[in-house]
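The numbers here are math on the coordinates, done by the rules we state, and not lab data. Quick caveat: nothing in here was measured; it's all calculated off a predicted structure. Positions of Cβ are backbone-derived with ideal geometry, glycine not excepted, and every protein chain shown enters the neighbour counts.
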Amino acid sequence: MRSVFLSVRAVFSVVFLLLLVGCSIGSPAGDVVEKEVDNFFKARQQQDVDAVLAYYSTKRSPEEWRSGYEDVLSNLGHVESYRKIRVEVNTVLSGRFYIFDYQVKYKSGIEAKETLTLFDTIEKDDAFSIVAHVVIADSYQKVF
């Protein structure tokens, strides 16, 4: 009876592993997404609002993203410099999450920690995009 249990357990383990591998098919490696996040921050430094907004998910309206972005601009100013602190990549059944933490200095002199969460679904022709953006500075926090 024990060997039957181990065999069933082994089959379930293999099936689960195949499901996880299948979820990430088509999702880019973390370094590919990291280059795009760097381009996102460069667009912010260059104050190219249209380029910045193009990185955000279409799951929310462009007006919602613009409102959040403009709130950051009015409270903190434009990005002067940025430095990556941490990267995490998590594969889930529906796709892959990429989480980036950055230390950001604004032209106003304020420094903040920004967390960008990007998502890429298992759909064949989709593209990853920012689904959440958190900005935390002294006496300021914005989640959009």
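If packing is taken as the average count of other Cβ atoms within 10 Å, what order do 59-70, 119-130 fall into, highest mean first? Don't skip to the answer; put the middle values down first.
On the way: 59-70: 13.3, 119-130: 15.2.
The packing order, highest mean first, is 119-130, 59-70.
Between ASP31 and ARG60, what length in nm is gained on full extension when 0.36 nm per residue of separation is reduced by their alpha carbon distance?
Value of the extension gain: 7.9 nm.
In debye, nearest 20, what is the charge dipole magnitude of segment 17-144 about its Cα centre with +1 on Lys and Arg Cβ and -1 on Asp and Glu Cβ, if you could check?
Numbers: 15 positive and 20 negative charges, 46 e Å.
With Lys and Arg at +1 and Asp and Glu at -1, about 220 debye.
How large is ³J(HN,Hα) for each residue in segment 43-50, as worked out from phi by the Karplus curve 6.51 cos²θ - 1.76 cosθ + 1.60 (θ = phi - 60°), to whole Hz, x for Gly and Pro?
Per-residue couplings from phi come out as 4, 5, 4, 7, 6, 9, 4, 4 Hz.
How high is the FRET efficiency from GLN141 to HIS78, r the C-beta distance, R0 25 Å, rounded to 0.05? Write out the running numbers ahead of the final one.
On the way: r = 19 Å, r/R0 = 0.76.
Calculated value: 0.85.
What nm distance separates the two modelled labels at ASP50 and LYS124, each placed 7 Å from Cα along Cα→Cβ?
Taking the two extended label points, one gets 3.2 nm.
If the cut-off is a Cα-Cα distance under 22 Å, which lysines reach LYS107, setting aside same-chain residues fewer than 8 apart in sequence?
Cα-Cα hits under 22 Å: LYS42, LYS84, LYS142.
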